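A quick write-up on the structure given underneath.
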Amino acid sequence: MLRFLLQKLGLLIPTFIGVSIIAFAFIRLLPGDPITLLAGERGVSAERYEQLQATYGFDKPIVVQYFDYLGNILQGDFGTSIVTKRPVLEEFMTLFPATLELSICAIILATAIGIPAGIFAAVRRGSFFDQSIMGVALVGYSMPIFWWGLLLIILFSGILQWTPVSGRISLLYFFQPVTGFMLIDSLLSGQAGAFKSAVSHLILPTVVLATIPLAVIARQTRSAMLEVLSEDYVRTARSKGLAPMRVIGLHALRNALIPVVTTIGLQVGVLLAGAILTETIFSWPGIGKWMVDSVFKRDYSVVQGGLLLIAGMIMLVNLVVDLVYGLINPRIRR
Amino acid sequence: MSLLEIRNLSVTFDTASGPFRAVDGVDVSVDAREILSIVGESGSGKSVSMLALMGLLPDTATVTADVMRFDGQDLKTMSKRAKRSIIGREVAMIFQEPMSSLNPCFTVEFQISEMLRKHTDLDRSARRKRAIELMEAVGIPSPEKRLGTFPHQLSGGMSQRVMIAMATSCRPKLLIADEPTTALDVTIQAQILDLLKELCADNNMALVLITHDMGVVAQMADRVQVQYAGQKVEEQNVNPLFADPHHPYTAALLSALPERATARGHLPSIRGVVPGQFDRPPGCLFEPRCSFAVASCRRGAKRQGADLGHALCNRPLINGVPADEKVEA
Ligand SMILES: Nc1ncnc2c1ncn2[C@@H]1O[C@H](COP(=O)(O)OP(=O)(O)O)[C@@H](O)[C@H]1O
Ligand code: SF4
Ligand SMILES: [Mg+2]
C-alpha cells in the first residue's frame with residue numbers, strides 16, 4: 001500500500017510540472033505582448049512598460065523566467081490579480097469553499113442516486129425499470145448543462161417560485177464565514193431560517209451539476225454489477241444460503257465498486273468543468289465563476305494562477321481516489 | 001429412505017434461440033454417507049442438475065421435478081427463505097474453479113465464518129476458533145496465519161481447501177462437489193480427493209461427486225450414475241459398472257481409460273461430441289456416435305430394468321455384446 005501511494009505521489013510531480021509549463025506558456029502563447037495583455041485595455045506608457053517588464057521578469061531569458069515562476073509557486077506565490085490587486089491564492093482560498101460545497105453536494109447526490117439505480121437496473125436487467133433508468137441516464141448524459149439549468153430555473157424559480165435564482169443565501173442573512181461552507185456557517189450563525197435559505201439556494205445548482213455524473217455513475221454501476229453478478233463467487237455466496245440482499249449488496253457490490261470508484265474520481269474533473277457553467281448560470285460565487293469573470297476582465301494572472309490551482313486540486317482529488325481504490329481493492333493493498 | 005431423492009428432474013433454459021432442455025427427466029438418489037458419482041462428458045447436464053437442486057440457476061432456467069426431497073423435507077413446496085436455511089447448512093456445494101469461486105474482496109476468515117454466522121449462533125471468537133479448526137481439518141498449514149489472507153494470495157489447491165472448509169463448516173449431510181479437481185494439478189488432485197473421502201467418513205457426510213473422469217470415479221464412488229446430453233443413461237454400483245457396463249456410452253467412457261487402452265496401444269476417444277441445442281437427434285441421443293446403433297434407435301431408446309443398470313438403450317450390452325445379438329446366436 002505504501003509503495004502504491006509513493007508510486008502515485010511520484011507520478012504527481014511530473015504531472016504538476018507539465019501543468020505548470022502549460023499555465024506558464026499559456027500567457028506567452030496568446031497573440032500579442034504579455035505586458036499589453038496583462039495591462040488589459042487601459043494600455044501603458046513606455047516607461048511603465050519597461051518597469052512592468054522588469055517587475056514581471058519578461059526581460060530575462062524564457063528558461064530563467066520559468067524557474068522564477070516555479071520558485072514563486074513553490075513559495076505559495078501564484079501571482080497577483082491585476083484587477084483587485086489581491087494575491088491569486090488568497091482569492092482562490094476565499095472562493096474555493098463555495099465550489100467545494102457545491103461539488104461535494106453534487107457528487108453525494110450523484111452517488112447516492114446513481115449507485116442504487118445502477119444496482120437495481122442490473123438486478124432487473126432488461127425489465128421496464130432497467131430500460132427507463134438507462135434511457136433517462138442517456139438523456140442526462142447528453143443534456144446541455146446551460147439549457148438544463150435555465151429550464152430548471154424557469155420551472156422551479158420562475159413558474160413555481162420554489163427556489164431562489166442565484167447566490168448562496170438570501171441577502172437577509174449576513175455573517176462572517178467560519179468554514180466557508182454555507183450550510184455549516186449558516187447553522188453556526190444561529191440565525192433562524194439561515195440554514196433553510198442556504199439549502200434552497202443550493203438545490204438547483206446541485207441538481208444541475210450532478211446530472212452528468214449521476215448518469216455516468218448509474219451506467220457504470222449497472223455494467224460493473226452485470227459483470228460481477230455472473231462471477232463464480234456470487235454463485236458461491238448464494239450457495240451459502242445467504243439472502244439476496246447480502247449477496248447483491250455485499251458480495252457483488254463490493255467488487256463492482258472498484259471500477260465505480262475510479263469513475264467517480266474521473267467525474268470530479270468533469271464536475272469542476274461543469275462548475276464553470278453551473279456557477280455562471282446561478283451566479284454562484286465560486287472559482288468557476290471567478291475564472292469566467294477573470295477571462296472577461298482579461299485578468300490573465302488570475303487565469304494563469306487559477307488554472308494551476310484548479311489543476312492542483314484535481315490532482316489532489318485523484319490522489320484521494322487512488323487511495324480509496326487501494327483501500328477497497330485487496331489486490332493492491334499488499 | 002434415501003437422503004436425497006429427485007425424480008424426473010428437467011431443466012429448460014430460455015435462450016435467445018428458443019428453449020433448450022439441458023436436463024431431461026433425470027432421477028437422482030443418494031443415501032446417507034454414500035458417495036455417488038455423476039459422470040459424463042462436458043455438456044451432459046451434470047452441473048445444471050445439481051445447481052437446480054441448490055437453487056443456483058439463473059432466472060432463465062425453468063426447473064420441474066416430480067419429487068425433490070432432502071432428508072424428509074419436500075424442497076419443491078418449501079419457501080425460498082426456508083430453502084436458504086438448508087442450503088449451505090445441510091447441503092453444501094463446491095465448484096470446478098476454486099480460484100474464482102472465492103470472493104476476491106474478502107479474507108479467508110470472513111468467507112468461512114460468514115457461513116457460521118448465517119447458520120449457527122456462534123459468537124465472533126467461537127467462529128474464529130471454528131474457522132481455524134476447519135482450516136486445520138482440510139490441511140491448510142498454520143491456519144491462524146492464513147485467516148487474514150485474501151484469495152489472490154492462495155494457490156488453486158489452497159483455494160479449493162478453503163472452499164471445502166467453508167462448505168463443511170456446518171457439518172452438512174450432503175456435499176456436492178462439481179468437478180472439484182478438474183482445474184488442479186495431478187498431485188494436488190489426488191490430495192483433494194483423499195481429503196474429500198476422509199471428510200465424508202469423519203463427518204458421516206454423503207457426497208455427490210461430479211466428474212468426467214472414470215479414473216476419479218473408480219477411486220471415489222460407491223455408486224455411479226452416467227449422464228449423457230441431459231439424460232441418465234445408466235446407473236450401477238461402481239464395481240459392477242466397471243466390470244460390465246450396459247450402456248454403449250458407459251462402455252465407451254471406460255475404454256477411454258488409459259489403463260484399459262494400453263493393451264491396444266492407443267487411447268481411443270469417442271468420436272463426435274455431445275449434442276447441443278441445435279443438433280439433438282430425434283431418437284436415442286447417443287445414436288450418431290454409437291457403434292451398436294440400428295435403425296430402431298432413430299425412433300427412441302428404451303429404459304431397461306435394474307438388472308441392466310437402468311440403461312437407456314435398445315441394445316444394452318452384456319459383457320460387451322448387445323443383448324439381442326446373444327439371442328440370435
Ligand atoms: N445458463 C445457461 N443458459 C443456457 N444454457 C446453459 C446454461 N448453463 C448451462 N447450459 C447448457 O446446458 C448444458 C449442460 O451444461 P452443464 O450442466 O454445465 O454440463 P456439464 O456440467 O455436464 O459439463 C450445456 O449444453 C450448456 O451449454
Ligand atoms: S439405443 Fe441404440 S443408438 Fe442408443 S445407445 Fe443403445 S444401441 Fe446405441
Ligand atoms: Mg459442469
Part-to-part distance (alpha-carbon centres) for segment A:141-189 and segment B:131-154, which is given in Å: 56 Å
Per-bin percent of Cα-Cα distances, chain B [10 Å]: 6, 24, 32, 24, 11, 3, 1, 0
Between helix B:124-137 and chain B: long-axis angle, C-alpha atoms, 0 to 90°, nearest 10: 40 degrees
Simple spin-label estimate for A:R3 and B:A306 in nanometres, 7 Å along Cα-Cβ: 6.4 nm
Positive-pole candidate from A:Y300, B:A323, A:F282, dipole of the protein assembly as shown, charges at beta carbon: A:F282
Under Karplus coefficients 6.51, -1.76 and 1.60, residue-wise ³J(HN,Hα) of segment A:108-115 in Hz, glycine/proline x: 5, 4, 4, 6, 5, 9, x, 5
Positive-end residue of A:L226, A:G149, A:Y66, charge dipole of chain A with Cβ unit charges: A:L226
FRET E, pair B:R33, A:I104, Förster distance 45 Å, beta-carbon r, rounded to 0.05: 0.15
Rg and Dmax [Cα atoms of the protein assembly as shown; Å; Rg one decimal, Dmax integer]: 35.2, 126
Convex hull per residue volume in Å³, alpha carbons only, for segment A:266-321: 66 Å³
Bridge type composition, segment B:8-107 - antiparallel percent by DSSP, nearest 5: 90 percent
Chain B: relative contact order in percent, alpha carbon pairs under 8 Å with at least 6 residues between: 20 percent
Relative contact order (percent, whole number), segment B:124-279, Cα cutoff 8 Å, 6+ residue spacing: 14 percent
Segment A:173-293 - convex hull of the alpha-carbon atoms, volume per residue in Å³: 143 Å³
Pairs of lysine residues in chain B - Cα separation under 20 Å, sequence separation of 8 or more or cross-chain: 13
Cα-based equivalent ellipsoid of chain A: semi-axis lengths in Å, sorted from largest, via gyration tensor: 42, 27, 18
Proxy reagent accessibility, fewest Cβ within 10 Å first, across B:M135, A:M1, A:M313, B:M93: A:M1, A:M313, B:M135, B:M93
Between segment B:1-34 and segment A:231-296, the Cα center-to-center distance that results, in Å: 44 Å
Descending semi-axes in Å of segment B:118-175, equivalent ellipsoid built from Cα gyration tensor: 19, 15, 10
DSSP beta bridges in chain B [antiparallel fraction, %, rounded to 5]: 60 percent
Cα gyration tensor shape of segment B:244-328, rounded if a/c is under 1.5, else prolate or oblate by comparing a/b with b/c: oblate
Sum of side-chain charges, A:Y173 neighbourhood, beta-carbon under 12 Å (Lys, Arg +1; Asp, Glu -1): +1
Segment A:S142-A:L155, extension gain: residue separation times 0.36 nm, minus the distance between their alpha carbons: 2.7 nm
Rough spin-label spacing in nm, given labels placed 7 Å along Cα→Cβ, for A:A54 and A:T36: 2.3 nm
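Values in this text are rule-based calculations from the coordinates and carry no lab data. Computed from a predicted model, the values in this text were never measured in an experiment. When we count neighbours, we look across all protein chains shown, and the Cβ atoms used for this are built from the backbone with ideal geometry, even at glycine.
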